[in-house]
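In what follows, a single structure is set out as C-alpha cells and then discussed.
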Amino acid sequence: MLRLLVLAAFGYLAFRLVRSLLRRHEIPRPAQGRGVETFRDPVCGTYVTMDDAIVGRLENGEKLYFCSMECLDRYRESLGDKNT
Ligand SMILES: [Zn+2]
C-alpha cells in the first residue's frame, strides 16, 4: 500500500516536471485580440507591450521596441552606433 502511494507521488512529480519543461519551451505569443498592442524585441524575440517597452528610434525615424535597456544596447552595438 505504501509502495503504491510512493509510486503515485513519484508519477505525479514526474508529470509536473515534464509539464514545466514543456511550458518553458513554449514560444511567446503576442497578446492579440485583447486590445493590447505588442511589439517584438528584435534582439531576444520577446513580445513587449507599449507600457513595458523601451523605445529605440532609428535614424530614419522608425521605432523599435525592446524588453530591456540591455537589448537596446545590444541592438545599438550591432548597428555600430555612431552617436556614442
Ligand atoms: Zn529583449
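Here, each number is a calculation from the coordinates, and none is a lab measurement. What you are looking at is a predicted structure, and each value in this text was computed from that prediction instead of being measured. Methodologically, a virtual Cβ is constructed for each residue, glycine included, from the backbone with ideal geometry; neighbour enumeration extends over all protein chains shown.
What residues have an amide H closer than 5 Å to that of T46, excluding those fewer than 5 places away on the same chain, when H is modeled at 1.01 Å from N in the peptide plane?
D41
If each residue's Cβ is checked for other Cβ atoms within 10 Å, how do D41, D52 rank with the fewest at the top? Write out the running numbers ahead of the final one.
On the way: D41 21, D52 14.
Listing D41, D52 from fewest to most nearby Cβ atoms yields D52, D41.
Test of understanding: what is the full-extension gain from I54 to L2, defined as 0.36 nm times their sequence separation minus their Cα-Cα distance? Before the final figure, lay out the partial values.
Details: separation 52, 0.36 × 52 = 18.72 nm, distance 5.50 nm.
Here the answer is 13.2 nm.
Between K63 and F10, what is the spin-label point distance in nm, taking each point 7 Å from the Cα along the Cα→C-beta axis?
5.6
Using the eigenvalues of the Cα gyration tensor, what equivalent ellipsoid semi-axes result for region 2-79 when each is taken as the square root of five times the eigenvalue, whole Å, largest first?
Taking √(5λ) for each Cα gyration eigenvalue gives 42, 15, 8 Å.
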